[in-house]
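As structure tokens, the structure follows; a few thoughts come after it.
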């Protein structure tokens, strides 16, 4: 079946511009995560959505970052007034995330969006 | 805050060799631990997930172990193949929503 998809695959923008990154999770997956992977660094958690619950935004690095998940499916990550340090690969993952069935906690990742801020 | 460390950062082995990748974490209060592989320019592929109540999981040539009390996990790869060349990441999930990732071990299997 279809996996997690992300668009665009690459994005080059100028410092100060806003960007929107899109994630289409696997159909039926209730949980959705956004991560950032900077060069030579581990994945950094950004935000978590689970069903209709309020998102866990504790990983967002500044108020320039925001994310939405419409209808419990597609998510967009928006970065306003981009800075050069925002350059990274932004990864999205989804999972069934049912705690009473832990085997379905497995996260499935998209290919990522490579963002370059000039 | 949970800290996840992976050693070594890079490893090069001849084809056919068995190898062990290490992951350590600072807070033993975890819900589960997951091993992933990441190929260059690609997203992550889940390999094995171990619940906190489990000690190991196996899939084909891969075996992952978990010693929660000592804050360690190992990923054992038997009879390595060139196609195993990738970066291997471990991630731990404490009781909250966040997963904490290590920086990975870059594996090269030489034909």
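A short reminder: the numbers here are calculations on the coordinates, not readings from a lab. Quick caveat, the model's predicted, so the values are computed rather than measured. Cβ coordinates were reconstructed from backbone atoms using ideal geometry, including for glycine residues, and neighbour counts include every protein chain displayed.
Here each label is just a point 7 Å from Cα along the line to Cβ, and for residue A:12 and residue A:74 those points are 2.7 nm apart. Computing Rg and the Kirkwood Rh from the Cα coordinates of the stretch B:1-61 gives a ratio, Rg/Rh, of 0.97. Counts of other chain beta carbons within 10 angstrom of each beta carbon in peptide A:32-43 average 4. The base-10 log of I(q)/I(0) for chain A, evaluated at q = 0.12, 0.13 Å⁻¹, reads -0.40, -0.47 [Debye formula, identical scatterers on Cα atoms, solvent excluded]. Compactness of chain B was expressed as the Cα radius of gyration divided by 2.2 N^0.38 Å, which yields 1.01.
When the inverse distances between all different Cα atoms of the stretch B:65-111 are averaged and flipped, the Kirkwood radius reads 12.6 angstrom. Distance from the alpha carbon centroid of the stretch B:1-24 to that of the stretch A:18-65 works out to 27 angstrom. Sorting A:109-117, A:47-55 by their mean Cβ neighbour count within 10 Å, with the most densely packed peptide first, gives A:109-117, A:47-55. Note on residue B:53 and residue A:52: the model spin-label points, each 7 Å out from Cα along the C-beta direction, lie 3.0 nm apart.
Shielding of peptide B:40-47 by partners, expressed as the average count of other chain Cβ atoms within 10 Å per residue Cβ, is 6. Looking at the calculated P(r) for the protein assembly as shown, what percent of the C-alpha pair distances fall above 31 Å? Looking at the protein assembly as shown, the distances longer than 31 Å represent 21 percent of pairs.
Over chain B, with a Gaussian network built from C-alpha contacts below 10 Å, which listed residue (B:12, B:85, B:73) shows the highest mean-square fluctuation? Maximum among the listed residues: B:12. Across the stretch A:10-118, the mean sequence separation of Cα contacts (distance under 8 Å, 6 or more residues apart), normalised by length, yields a relative contact order of 36 percent.
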